[in-house]
Amino acid sequence: MISKSMEKALNQQIALEGYASYLYLSMASWCENEGLEGCAQFLYRQSDEERAHMLRIFRYINEVDGHALSPGIKEPAHTFKSVRDLFEQVYTHEQKVTRSIHELVSQSYEEKDHTTLNFLQWYINEQREEEALMRTILDKIKLIGDTPQSLYFIDMELDKINQMTAQAEGGEGERPYDNYPFLIKNKRMKSQLATVALILILTNSLISQEQDSISANDIEPPLRLELTIDGKTYTLKDGDEIKLKGVAANPTVSVRSAAFRQFQFESVYFEYPTHFAYTYEEDFGYRIWSLDGSDFIILMFVYDVPVVLDELVDEMVAQFGEENCTITPFERKLGEIPCAGKRIEVSLIGQSLNYEILDIPYPDDKKRILAFQDIRDETGNSSSESTLTMQQINTSFKLIK
Ligand SMILES: [Fe+2]
Ligand SMILES: [Fe+2]
């Protein structure tokens, strides 16, 4: 049973979601008339989503013995100045919906209505993701511009999102945006931090995707062996053969595993400590390699769509809490390659973490990002594992054309 005031407030939320559904429908129609097929499909889908949001509240009200009311909908605008204007309106409307959800949350706190409070949790997450998605689209439009020529590229971007969404929906009931790399990327980051920040384990569920086929990326770089014969060392991989000419009759031979493995994926090459655990994950539009030591972790992200490093950083900072982070612009030469990025110092529950996030320049459409995570010791110094690993990466790093 919910209170009359809560019933009224939830019915108002129904009207807000319902209006969004009709507004997005109107926008879809405008885009279709303008020949922007990608934008139109995206908005048709959004319109359906909003209707689903509305129905979810509708059902809930009746379930808890209230009376859900089918709302009268104000006629939305039918024309828009530009694509940018349109998405600005979408973003503004999403922000309005978020504020309204937050007010409902406050009200259920005040009324000690735990059932509604629990029901609203889903909407809080939904709004966070929707806002992030719309902001991303809007940022892209600002970046690309919305002159007639650039409309084509904007439409292609939206079409990419549509395709990812469609693929995701073909999967096992995943939420449509879960596979949009902008939103997913920091979940992996979070999973790294979870080792030290229990608080994040409690508040975030990690994503685990089942992979159906094994690719070359799934296979860990082989262990290398150092064979020393009479003081001369040869480094070999499993299955390698060497021919030695003129070796003495009674050679002294010793063998041990090499200290470093060779990472060589997506044209990026470097050497990393043999004992680091190798994992690989992929989904639509992105791939992530993770090399985990005990204090130090190397992550390589490869996205098929243009991803802005600063946004990745912003999202990480938002997750850790701005008050816990210090961000500084940062440059580092890897091998001969100058890379720019950001450093984030995170202090959480007595632990100090250092992230270096670097853009790897490469002349193709993919985006490569290398991230290093180091757990600092009590005095704030880098771990010795970090120092050794970075030395090896710095000397061995190269891009393979
Ligand atoms: Fe909604
Ligand atoms: Fe929405």
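The values are calculated or read from the model by the stated rules, or taken from the named source; none is laboratory data. Only a predicted model underlies this, so the values are computations on that prediction, with no experimental measurement involved. Here the Cβ is made from the backbone with ideal geometry for all residues, glycine too, and neighbour counts use every protein chain on show.
Quick check on my filter: what residues within segment 365-387 are of a type in the set (Asp, Glu) and either without any contact (Cβ under 8 Å) to a residue 40 or more places away in the chain or in contact with a Leu (Cβ under 6 Å, 6 or more places away or on another chain) (or both)? Across segment 365-387, the qualifying residues are 377, 378. Say whether the condition of being buried (at least 18 other Cβ atoms within 10 Å of the Cβ) and aromatic (Phe, Trp, Tyr) is met by at least one residue in segment 120-129. The answer is yes, given that some residue of segment 120-129 is buried (at least 18 other Cβ atoms within 10 Å of the Cβ) and aromatic (Phe, Trp, Tyr). Against the condition of a type outside the set (Gly, Ala, Ser) and either crowded, with 16+ Cβ neighbours inside 10 Å or away from ligand 1 (no atom under 16 Å from the Cβ) (or both), how does residue 102 come out, does it pass? Answer is no for this residue. Restricting 76, 71 to residues that are in contact with a Phe, Trp or Tyr (Cβ under 7 Å, 6 or more places away or on another chain), within 16 Å of ligand 1 (Cβ to nearest atom), more than 16 Å from residue 119 (Cα to Cα) and in the same structural domain as residue 151 (by TED's automatic domain parsing) narrows the list to 76. Only residues that are part of a loop (DSSP other than H, G, I, E, B) and farther than 30 Å from residue 285 by Cβ were counted in segment 218-268, giving 20. Across segment 26-43, the number of residues qualifying as within 15 Å of ligand 1 (Cβ to nearest atom) and either in contact with a Phe, Trp or Tyr (Cβ under 6 Å, 6 or more places away or on another chain) or without any contact (Cβ under 8 Å) to a residue 40 or more places away in the chain (or both) comes to 1.
Given the criteria within 14 Å of ligand 1 (Cβ to nearest atom), closer than 18 Å to residue 129 by Cα and acidic (Asp, Glu), does residue 17 qualify? Spelling it out, residue 17 is indeed within 14 Å of ligand 1 (Cβ to nearest atom), closer than 18 Å to residue 129 by Cα and acidic (Asp, Glu). For residue 213, indicate whether it is loosely packed, with under 11 Cβ neighbours inside 10 Å, at pLDDT below 80 and within 14 Å of the chain's Cα centre (by Cα). No. Among the residues of segment 1-60, the one identified as of a type in the set (Asp, Glu), at pLDDT 95 or above and more than 16 Å from ligand 2 (Cβ to nearest atom) is 7. Of the residues examined, residue 152 is one that is more than 16 Å from ligand 1 (Cβ to nearest atom), at pLDDT below 90 and aromatic (Phe, Trp, Tyr). The set of residues in segment 383-401 that are surrounded by fewer than 17 Cβ atoms within 10 Å (Cβ to Cβ), at pLDDT below 90 and not in a helix (DSSP H, G or I) contains only 401. Pairs are defined by a Cβ separation below 9 Å, a sequence spacing of at least 6 or placement on different chains, a first member in segment 115-127 that is assigned by TED's automatic domain parsing to the domain that holds residue 97, and a second member that is within 14 Å of ligand 1 (Cβ to nearest atom) and polar (S, T, N, Q); the pairs so defined are 123/13; 123/98; 124/98; 127/95; 127/98.
Does residue 55 fit the bill of being surrounded by fewer than 21 Cβ atoms within 10 Å (Cβ to Cβ), within 15 Å of ligand 1 (Cβ to nearest atom) and hydrophobic (A, V, I, L, M, F, W, C)? Here the answer is yes, as residue 55 does meet what is asked.
On inspection, residue 92 qualifies as out of contact with any helix residue (DSSP H, G or I) (no Cβ under 8 Å at 6 or more places or on another chain), among the β-branched types (Val, Ile, Thr) and under 24 Å from residue 139 (Cβ atoms). Tell me, please, whether a residue that is within 15 Å of residue 17 (Cα to Cα), touching an Asp or Glu at 6+ places or on another chain (Cβ under 8 Å), among the aliphatic types (A, V, I, L, M) and within 13 Å of ligand 2 (Cβ to nearest atom) can be found in segment 106-129. Among the residues of segment 106-129, not one is within 15 Å of residue 17 (Cα to Cα), touching an Asp or Glu at 6+ places or on another chain (Cβ under 8 Å), among the aliphatic types (A, V, I, L, M) and within 13 Å of ligand 2 (Cβ to nearest atom), which makes the answer no.
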